Amino acid sequence: MNTATPLRFMGWVILLMIPLFGLWYALGTLPAAPAFLLARYALEWGLPDIVAGVSLDQTRMLVLTHFGEVDGALVSAEQAGYQLAYPVDTRLVSYSLPFYAALIFAARVPQAIERFCRGMVVLWLLMAIGLVCIELKNLMLGLQDALFQRAALPLPPPPVIALLYQLNTLIIPTLAPVLMWLWMARDSALLQNLGRVPVAAAATGSSSPEL
């Protein structure tokens, strides 16, 4: 195997990430738009007694609740005269898209655009789940017991919500693109060559004469 191939691949990944992340930043809300819509439907359907509406403010998903606050106490929005709102920056999860694009196009796989689009659909679904989990954490901290008492559906306990928040902000946005790339590029020359290394090493070791 040409040992420079993985190095060239990493070089292309780093090179492509510069314009792709620039494009991702310039597009603003568009990269996360499908994930936002899925998260919006999930929150409005799953928490109708908590969530009054979900909107998009630049790159922030803004969740309006049925609650307000007077003298530190939660009251209805009508009593308070305003609604408590909890924002989530969609870029916390959407940066997985330019990272995935850099990986898939640097690997020079056949039908790269088609494979990128198929993987992007899965990433959008994961991003929507991530936005919901992040928002659950925000609602849990802001509304505390009222969230669990008024929720129409049973919610995970606070430690599980905290864990899901950590997973969807620190691990999944970086790990999911790599796993998706490994699956979509599984027949690429790069991964096939990498897969032959252990086999070749084992064959070389078994053929060496014993002392």
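How about the range 123-211: which helices (runs of 4 or more DSSP H) wholly inside it have at least 3 residues that are at pLDDT 90 or above and under 30 Å from Ala85 (Cα atoms)? I'd like the intermediate steps shown before the answer.
Details: elements: 145-150, 158-166, 172-184, 189-207.
Result: 158-166, 172-184.
Can you confirm whether the range 100-107 contains a residue that is within 26 Å of Leu43 (Cβ to Cβ) and either of a type outside the set (Lys, Arg) or touching a Ser or Thr at 6+ places or on another chain (Cβ under 9 Å) (or both)?
Scanning the range 100-107, I find at least one residue that is within 26 Å of Leu43 (Cβ to Cβ) and either of a type outside the set (Lys, Arg) or touching a Ser or Thr at 6+ places or on another chain (Cβ under 9 Å) (or both), so the answer is yes.
Kindly check whether there is at least one residue in the range 9-16 that is open to solvent by less than 20 Å² (accessible area, probe 1.4 Å), closer than 30 Å to Ala146 by Cα and either of a type in the set (Ser, Thr, Tyr) or at pLDDT below 95 (or both).
Checked the range 9-16: no residue is open to solvent by less than 20 Å² (accessible area, probe 1.4 Å), closer than 30 Å to Ala146 by Cα and either of a type in the set (Ser, Thr, Tyr) or at pLDDT below 95 (or both).
Taking only the range 35-61 into account, find how many residues are open to solvent by 40 Å² or more (accessible area, probe 1.4 Å) and not in a loop (DSSP other than H, G, I, E, B). Quick ask: steps written out before the conclusion?
Initially, the range 35-61 is screened for residues open to solvent by 40 Å² or more (accessible area, probe 1.4 Å), giving 37-38, 40-42, 44-45, 48-49, 52, 55-58, 60.
This time we only want the ones that are not in a loop (DSSP other than H, G, I, E, B), so: 37-38, 40-42, 44-45, 52, 55-57, 60.
Looking only at that region, the number is 12.
Count, please, the residues in the range 130-151 that happen to be more than 15 Å from Val63 (Cα to Cα) and open to solvent by 60 Å² or more (accessible area, probe 1.4 Å).
5
I'd like to check something: does the range 39-55 contain any residue that is without any contact (Cβ under 8 Å) to a residue 24 or more places away in the chain, more than 21 Å from Met120 (Cα to Cα) and small (Gly, Ala, Ser)?
Yes, the range 39-55 contains a residue that is without any contact (Cβ under 8 Å) to a residue 24 or more places away in the chain, more than 21 Å from Met120 (Cα to Cα) and small (Gly, Ala, Ser).
Quick test for you: out of Gly68, Gly81, Gly72, pick the one residue that is at pLDDT below 85, open to solvent by 40 Å² or more (accessible area, probe 1.4 Å), within 22 Å of Met140 (Cβ to Cβ) and not hydroxyl-bearing (Ser, Thr, Tyr). Steps first, answer last, please.
Working: Gly68 fails: open to solvent by 40 Å² or more (accessible area, probe 1.4 Å); Gly81 fails: within 22 Å of Met140 (Cβ to Cβ).
Going through Gly68, Gly81, Gly72 in turn, just one is at pLDDT below 85, open to solvent by 40 Å² or more (accessible area, probe 1.4 Å), within 22 Å of Met140 (Cβ to Cβ) and not hydroxyl-bearing (Ser, Thr, Tyr): Gly72.
The values are calculated or read from the model by the stated rules, or taken from the named source; none is laboratory data. No experiment lies behind these values; they were computed from the predicted model shown. Virtual Cβ from ideal backbone geometry, glycine too; neighbours counted across all protein chains shown. The accessibility values were calculated without ligands, DNA or RNA, using every heavy atom of the protein model including side chains. Shrake-Rupley method; radii C 1.70, N 1.55, O 1.52, S 1.80 Å.
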